Amino acid sequence: MIFFLITFISVVIFYFINDYIKNFNFLLNYKGQKHQKFSGLKNIPLTGGIFLTFCSILLIYPDNYLFSLFIFLIFGVGLISDTNIISSPKLRFTIQSVLIILFVFLLDIKIYETNFILLDILLENFYFNFFFPVFCLLILINGSNFIDGLNGLLLGYFSLIIFLILYLDLYIYLEIEKVFLINFIIVLIYLFILNINNKLFMGDSGSYVLGLICGYFLININQLNSEISPFFIVLLLWYPCFENLFSILRKFILKKSPTKADNNHFHQLVFFYVKKKLRYKKLSPNNVSSYLIILYNLFIFLIGSSDPSNTQLQIILITLNILFYLLIYFRLFIFKYNIIFQNLR
């Protein structure tokens, strides 16, 4: 009961702090980059990461000071990006990589089995086994940042993951009390409500923290529960990870720098389409686009969670997700640039 009370008090206090920060034009979302205004013109405070970090340290592993330290440090990396203290994406990624390497080393994070024969053979090598989780976490936390472009998308997606961990009783493998995880979901829902109402954005700091926490959770579940298919874990994280990998590949093919932001991510193309096609002007195309992606993933997660030990089912779902993503992506891409070319005539 005490933690519910602390959470409630924290929610109330943060609401006023958030308004105070906004009124003083501090930590706003717009830093001068063109892609930041693709879905709106309002300046919104990037304060979601502050509250999320505070609650994560308090609720998840309050006695694990090493974990709490890394949550705070990854928040700091995101904060220097949000405040544009370090404007170079390459330098931020270097700092981020060093931090994740230390995180994996000091917390002894391992991935021993994936049910993919070739990868499992490679994981027998000490060095590959060390750098593979580093690679996975870097892809995830940066992919999490990629999908934080629509109101509620990041928070809605990861809330689904946390809810499934709770629903399937997987939290017992994380040494977390159920009440702590329930409180954490309440925090995510609260931030979700503020986010879809343009009261705050999560920012790089919130994206990094949420990605790291969920990645850590799911890697541990994969190692401690042999009944869960590793591909079920992949299914839960497929969207932010594939969005990141596809973006890198797309820019490589187009001979563009992977660190240069653009407006051609999947969720941005969905937003462009919805904005052009939405007939009910009272609805926000930003929120509608986010809901569509969240609902799709909810549907896929429910199918996958019906039999999380069934590797064949998980592989089929992952494959269908990727094919569906590519099909929709290219259709939306063509739609967008057909509209742009028509307007230029």
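The values are calculated or read from the model by the stated rules, or taken from the named source; none is laboratory data. What you are looking at is a predicted structure, and each value in this text was computed from that prediction instead of being measured. Here the Cβ is made from the backbone with ideal geometry for all residues, glycine too, and neighbour counts use every protein chain on show.
Annotations
- Of all residues in region 315-341 being of a type in the set (S, T, N, Q) and at pLDDT 95 or above, the one that is farthest from Phe271 (Cα to Cα): Thr319
- Of the residues making up region 306-319, none is within 16 Å of Cys241 (Cβ to Cβ), within 25 Å of the chain's Cα centre (by Cα), among the aliphatic types (A, V, I, L, M) and surrounded by fewer than 16 Cβ atoms within 10 Å (Cβ to Cβ).
- For region 160-180, residues that are in a helix (DSSP H, G or I) and in contact (Cβ under 8 Å) with a residue 40 or more places away in the chain total 10.
- Failed criterion for Pro258 (all others in (1) under 26 Å from Ser289 (Cβ atoms); (2) in contact with a Leu (Cβ under 8 Å, 6 or more places away or on another chain); (3) modelled with pLDDT under 90 hold): (2)
- Within region 121-156, tally of residues that are closer than 23 Å to Arg92 by Cβ and of a type in the set (Phe, Trp, Tyr): 5
- The residues listed here are Ile186, Ile193, Ile221; of these, the one that is without any contact (Cβ under 8 Å) to a residue 60 or more places away in the chain, of a type in the set (Val, Ile, Thr), over 19 Å from Phe72 (Cα atoms) and surrounded by fewer than 18 Cβ atoms within 10 Å (Cβ to Cβ) is Ile193.
- Options Val288, Val274, Val234: the member that is over 14 Å from Phe146 (Cα atoms) and within 18 Å of the chain's Cα centre (by Cα): Val234
- Test: Leu52 is assigned to a helix (DSSP H, G or I), modelled with pLDDT of 90 or more, surrounded by fewer than 16 Cβ atoms within 10 Å (Cβ to Cβ) and within 21 Å of the chain's Cα centre (by Cα): no
- Of all residue pairs spaced 6 or more apart or on separate chains, none has beta-carbon atoms under 9 Å together with a first member in region 129-151 that is free of Cβ contacts under 8 Å to residues at least 24 places away in the same chain and a second member that is surrounded by 20 or more Cβ atoms within 10 Å (Cβ to Cβ) and basic (Lys, Arg).
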